[in-house]
Amino acid sequence: MQRREFIRACAAGLAAAGAAHGAQAAGEATPRLYPRARLVDAQGKPLRAAQLPAQRNLIFHYPYQSTPCFLLNLGRPVTGAATLQTADRRSYEWKGGVGAGRSIVAYSAICAHQLAYPTREISFISFRAEASARNKHAQVIHCCAEHSQYDPAAGARVLAGPAPQPLAAILLEHDAKTDQLSAVGTLGGEMFNQFFAKYEFKLAMEHGGATRAAAGGEARVTELDHYCRQQVRC
Ligand code: FES
């Protein structure tokens, strides 16, 4: 365990977990730890942080088999912390990227506005490296449903649009010796209960009834281009 480089948010989460009840009463959103899932590639081999292409949309499912997340190598160090707030006014601090270059971040891909998410057929939400006619911000996660935009270098802070809170951050653990990555929890405003309620039938069709099944010990990472047939651009 001493070999592992935990992101500070994760360390803070472990420390805070024991005091979660008191912290919530004080208006803080404490990290929520889930069973660890090692990130693996399309062949099932452990993914190494150095393999991750910069500024590409990668997707995996965590902490449930049906809940999509973005894995992003932003291509630059993300070392600054961000103080954020959930829609119900609980504050929390996101501590930055992981990996040797501190450039790797992960977020729930469920839009905090009305829960748009990447399916096999279509995705309205993705990371955009470039600005566009409808998107004056570059380097954002943009949801084309109603144009919520999130800053992945600042804990997915809302930059524009109707989203009432940041995307929930996925807590990553990076093993400095093996360069492997694992997902271990979430930080911020989870939308999973609303997501399951809204899309219960659809998710059952997409995931063979395993909607609320845990991701398991491994989470397969794929390019969004390969996962999803059509990406809406805006
Ligand atoms: S669902 Fe994403 S902006 Fe409305």
Qualifying positions in segment 173-210 - surrounded by 18 or more Cβ atoms within 10 Å (Cβ to Cβ), among the aliphatic types (A, V, I, L, M) and at pLDDT 95 or above:
181, 183, 184, 187, 191
Assigned to a loop (DSSP other than H, G, I, E, B) and either buried (at least 20 other Cβ atoms within 10 Å of the Cβ) or within 12 Å of the ligand (Cβ to nearest atom) (or both): is that true of residue 130 in this structure?
no
If you scan segment 154-188, which residues turn out to be among the charged types (D, E, K, R) and either touching a helix residue (DSSP H, G or I) at 6+ places or on another chain (Cβ under 7 Å) or within 10 Å of the ligand (Cβ to nearest atom) (or both)?
173, 179
Would you pick out the residues in segment 141-153 that are more than 12 Å from the ligand (Cβ to nearest atom) and in a strand (DSSP E or B)?
151
For residue 150: the one exception among (1) on the phi > 0 side of the Ramachandran plot; (2) under 14 Å from the mean Cα position of the chain (by Cα):
(1)
Subset tally (residues that are within 22 Å of residue 185 (Cα to Cα) and in a strand (DSSP E or B)) for segment 38-55
5
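The values are calculated or read from the model by the stated rules, or taken from the named source; none is laboratory data. What you see is a predicted model; the values in this text were computed from it and never measured. In this analysis, Cβ positions are derived from the backbone assuming ideal geometry, glycine residues included, and neighbour counts consider all displayed protein chains.
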